[in-house]
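Let me begin by presenting the structure, written as structure tokens, before commenting on it.
What follows is calculated from the coordinates using simple rules that are stated; it is not laboratory data. These numbers come from a predicted model, not from an experiment. Methodologically, a virtual Cβ is constructed for each residue, glycine included, from the backbone with ideal geometry; neighbour enumeration extends over all protein chains shown.
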């Protein structure tokens with residue numbers, strides 16, 4: 001393709017008159033108030049930096065205020081959905097005082113249930129203490145709807161007079177919303193509220209009326225329950241996350257979309273519910289559905305919310321925190337967090353697509369000014385295993401030593417002790433050897449597995465097998481007498497592709513550089529390019545200008561025999 | 001700098017954004033949808049730009065991000081040719097070669113197509129592209145090299161001569 005062909009086509013692409021006029025009309029109108037998709041552009045120095053927090057808050061109708069550093073964290077959940085006009089009200093008081101006035105007519109029982117395992121505790125509650133608590137904690141807003149929460153504590157007021165059909169129920173949830181429900185003659189009415197004084201009422205209420213032992217038991221989360229609810233949310237991730245550092249600064253980071261891997265890694269830890277969320281850094285994972293969000297913090301917290309479920313969790317064992325940071329956050333989010341230990345599976349994953357016999361470019365500098373030289377990767381599994389057995393930590397991507405003496409695979413690996421992992425999008429961090437003393441070992445591994453590629457280096461049977469793309473299954477093929485620029489190609493049929501591939505790969509081959517003129521002469525295109533003059537040019541997309549040549553000229557006749565046996569040229 | 005409004009931005013850079021999206025998706029309909037999203041978003045959430053160039057860079061980045069996040073909907077016929085209807089709509093003619101190039105664009109991973117577009121069509125240099133895309137210059141350089149190589153491989157496979 002000539003650049004001018006590309007440019008010619010793009011020059012033809014312009015807004016149609018219809019589209020132009022439609023857009024102009026829309027842009028003349030007042031902008032729609034829509035919080036569906038906030039702009040995610042960064043890096044172009046837009047002057048107005050807005051907090052990204054509002055998007056999620058609006059989407060979820062719930063916001064978590066981050067306390068920041070450990071120990072100082074206050075939080076609350078509050079309704080801040082801009083689309084919903086909430087008026088401050090004390091409407092709940094009417095039910096509260098109505099009930100208080102007749103408190104002696106009612107028995108009160110407190111019910112706590114752990115929905116993940118069905119365990120329920122029912123305990124007596126001191127009514128006077130309850131009313132006193134309610135009166136003393138009266139800063140809340142009325143909500144027009146319920147904000148679902150996993151755990152809740154209910155207080156049921158049932159009439160002493162069993163003939164009386166009037167029941168009251170108070171329920172406080174772990175997201176610090178509460179509701180009053182009144183059931184009279186079978187008719188229910190419910191009012192919803194949210195505390196707004198920054199106090200953890202659910203926790204406080206639980207401690208005061210339930211007791212720490214039962215509350216702790218209620219916080220246990222079964223793996224099945226978490227998996228069921230987490231799966232739905234994790235499946236909706238979009239590949240982009242927002243890192244919020246402290247409570248104000250935020251920026252977009254890339255998330256490697258590996259839903260199953262993320263789910264598996266999160267579930268490898270034990271979790272319990274939490275009333276609060278703490279973190280120096282909070283990671284909001286974007287979901288492709290509204291009214292849902294998924295957040296993790298570097299202090300070991302998870303927040304999940306979707307249409308039918310919400311929950312706040314923390315690591316059950318604080319000793320798991322470092323492992324969580326490495327196995328979940330560092331592994332799945334491309335973070336600019338440096339000097340974190342990178343576990344060996346992450347290092348292996350950086351080379352996951354490397355396979356036996358792949359050719360690799362080696363650059364003595366950034367590659368902008370010098371030609372690369374070719375290497376071939378041998379014993380790729382051994383290479384990955386040995387590289388990952390070294391100790392690595394995260395580092396910045398712009399360290400100069402990364403771009404010197406490096407092999408360019410999908411990931412870059414520098415002989416100076418760095419790996420720049422492949423990612424699809426903005427790469428946020430690289431890995432470097434934790435100990436400089438390991439550099440020599442790294443070089444030894446490279447020298448052992450990355451062999452300078454020169455014409456004449458033996459190719460393996462698997463190199464030849466891999467020269468054919470997986471998608472090609474035989475059948476249609478073509479034959480050309482020359483490079484195809486001047487003559488018509490002739491249709492062919494590959495009668496038994498598996499045998500053809502096997503018999504060709506059984507011959508002895510060597511790597512061959514820059515002999516493309518010989519390759520494109522009397523050749524078949526049958527998955528790979530196979531020249532009757534003794535060449536195979538791979539078409540697996542992994543390399544260019546590197547072909548394979550028969551090691552012994554005496555095998556050329558054998559090759560031709562194989563080709564004639566399995567490829568039939570059609571009569572034109 | 002004349003105006004920060006989305007209408008001004010559209011009148012000034014509407015074609016550029018559409019072309020960017022087309023250069024990444026190879027599909028006119030998708031490109032139109034992306035363009036609409038970019039400008040409606042700017043309309044509902046105005047930004048302040050220091051200059052027209054700043055505005056353009058922001059719009060390009062916005063379009064490229066959206067292309068990367070694009071999920072194919074059923075109505076998008078990715079491999080449909082640039083048909084007669086589109087020719088009439090845009091009052092121009094598409095050659096068979098245009099169709100081939102469009103298909104190659106649509107097959108090319110977006111990380112390469114964005115860099116190739118910015119380099120060859122918009123004629124930004126590596127440093128400018130790095131700034132627009134938020135990548136470092138080495139990455140951009142490498143993407144450009146690999147993108148060209150990938151195009152070349154595809155074209156060689158089809159028997160074309162690749163010229164740079």
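Quick notes
- With a Förster radius of 41 Å applied to the beta-carbon distance between residue A:564 and residue A:513, the computed FRET efficiency rounds to 0.90.
- Proxy reagent accessibility, fewest Cβ within 10 Å first, across B:114, A:344: A:344, B:114
- Highest to lowest packing among A:391-399, B:130-138, B:34-42, scored as the average C-beta count within 10 Å: B:34-42, B:130-138, A:391-399
- Segment A:458-569 - Debye-derived log10 I(q)/I(0), Cα point model, q = 0.10, 0.22, 0.23, 0.24 Å⁻¹: -0.23, -1.31, -1.45, -1.59
- Residue A:404-residue A:465 FRET efficiency (beta carbon distance; Förster radius 41 Å; 0.05 resolution): 0.70
- The stretch between residue A:373 and residue A:122 holds 82.9 nm of extra length on full extension. This uses 0.36 nm per residue minus the Cα-Cα distance.
- Sorted by Cβ density within 10 Å, fewest first, the residues A:444, A:568, A:515: A:444, A:568, A:515
- Computed from the C-beta positions of residue A:187 and residue A:20, the FRET efficiency with R₀ = 51 Å rounds to 0.30.
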